[in-house]
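Peer 1: Got a structure for you, written out below as C-alpha cells; questions coming shortly.
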Amino acid sequence: MSSEKNKNVIYTLEEGTWLRYRYKIESDRSILENLLFEDPPEKLSLHAKSRLCEYYALLFSMEEVIEKMADQDNFDEASAAFIVSESLAYQFTLFMQALVMAKEVLMDNNCSISLH
C-alpha cells in the first residue's frame, strides 16, 4: 500500500510577463480591427475573415483570463508575481494553446497578423 503525499501546487505569473501578454493582446487586436473593420474586407476571403474572427474572439477570452488574474488581489510583492488559482491557470493554458493553433492556421493560409 503506498501513501500519497498531498502536493501543494502554486501557479504564478510574473508581472512583467503579464504586461507582455496584455500588450500582445492589444497589439493583435489593433491589427485585427484594421484588417476586419477598417481595410476594405472585400480583399479577404470568407475563410480568412472567419479565421480572423476566431482569433479575435480568442483574444477577448484570453484578455478576460489575464484580467481575472490581476483582479484577484493575490499579488506577491516579493516575487513581483500574481498568485493564480488552479482554475485560472488551466484556462490560461487552454486559451494560449487555442491562440497558437489559430495563429498557425492563419499563417498556413498566408494571413499574418504580426507587425512587419
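The values are calculated or read from the model by the stated rules, or taken from the named source; none is laboratory data. These numbers come from a predicted model, not from an experiment. Methodologically, a virtual Cβ is constructed for each residue, glycine included, from the backbone with ideal geometry; neighbour enumeration extends over all protein chains shown.
Peer 1: The conditions are (1) within 17 Å of the chain's Cα centre (by Cα); (2) surrounded by 13 or more Cβ atoms within 10 Å (Cβ to Cβ), and Gln97 fails exactly one of them. Which is it?
Peer 2: (2)
Conditions tested, residue by residue: (1) within 17 Å of Glu14 (Cβ to Cβ); (2) in contact with a strand residue (DSSP E or B) (Cβ under 8 Å, 6 or more places away or on another chain); (3) at pLDDT 95 or above; (4) β-branched (Val, Ile, Thr).
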{"position": "Asp76", "(1), (2), (3), (4)": "yes, yes, no, no"}
{"position": "Ile83", "(1), (2), (3), (4)": "yes, yes, no, yes"}
{"position": "Glu86", "(1), (2), (3), (4)": "no, yes, no, no"}
{"position": "Phe92", "(1), (2), (3), (4)": "yes, yes, yes, no"}
{"position": "Gln97", "(1), (2), (3), (4)": "no, no, yes, no"}
{"position": "Val105", "(1), (2), (3), (4)": "no, no, no, yes"}
{"position": "Ser114", "(1), (2), (3), (4)": "no, no, no, no"}
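Okay, residues lined up against (1) at pLDDT below 90; (2) not basic (Lys, Arg):
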residue: Met1; (1), (2): yes, yes
residue: Lys5; (1), (2): yes, no
residue: Asn8; (1), (2): yes, yes
residue: Glu14; (1), (2): no, yes
residue: Trp18; (1), (2): no, yes
residue: Arg22; (1), (2): no, no
residue: Asp39; (1), (2): yes, yes
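Peer 1: In this structure, is Ala57 assigned to a helix (DSSP H, G or I), exposed (fewer than 14 other Cβ atoms within 10 Å of the Cβ), small (Gly, Ala, Ser) and at pLDDT 95 or above?
Peer 2: Values: assigned to a helix (DSSP H, G or I): yes; exposed (fewer than 14 other Cβ atoms within 10 Å of the Cβ): yes; small (Gly, Ala, Ser): yes; at pLDDT 95 or above: yes.
Spelling it out, Ala57 is indeed assigned to a helix (DSSP H, G or I), exposed (fewer than 14 other Cβ atoms within 10 Å of the Cβ), small (Gly, Ala, Ser) and at pLDDT 95 or above.
Peer 1: Across region 12-45, what is the number of residues that are free of Cβ contacts under 8 Å to residues at least 40 places away in the same chain and within 24 Å of Val84 (Cα to Cα)?
Peer 2: Count: 6.
Peer 1: Hey, another quick one. Taking region 11-24 on its own, how many of its residues are crowded, with 16+ Cβ neighbours inside 10 Å and within 11 Å of the chain's Cα centre (by Cα)?
Peer 2: 2
Peer 1: Then there is this: Out of Ser79, Ser87, Ser27, Ser50, report the one residue that is among the small types (Gly, Ala, Ser), outside any strand (DSSP E or B) and surrounded by 13 or more Cβ atoms within 10 Å (Cβ to Cβ). I'd like the intermediate steps shown before the answer.
Peer 2: Numbers: Ser79 fails: surrounded by 13 or more Cβ atoms within 10 Å (Cβ to Cβ); Ser87 fails: surrounded by 13 or more Cβ atoms within 10 Å (Cβ to Cβ); Ser50 fails: surrounded by 13 or more Cβ atoms within 10 Å (Cβ to Cβ).
That would be Ser27, the only listed residue that is among the small types (Gly, Ala, Ser), outside any strand (DSSP E or B) and surrounded by 13 or more Cβ atoms within 10 Å (Cβ to Cβ).
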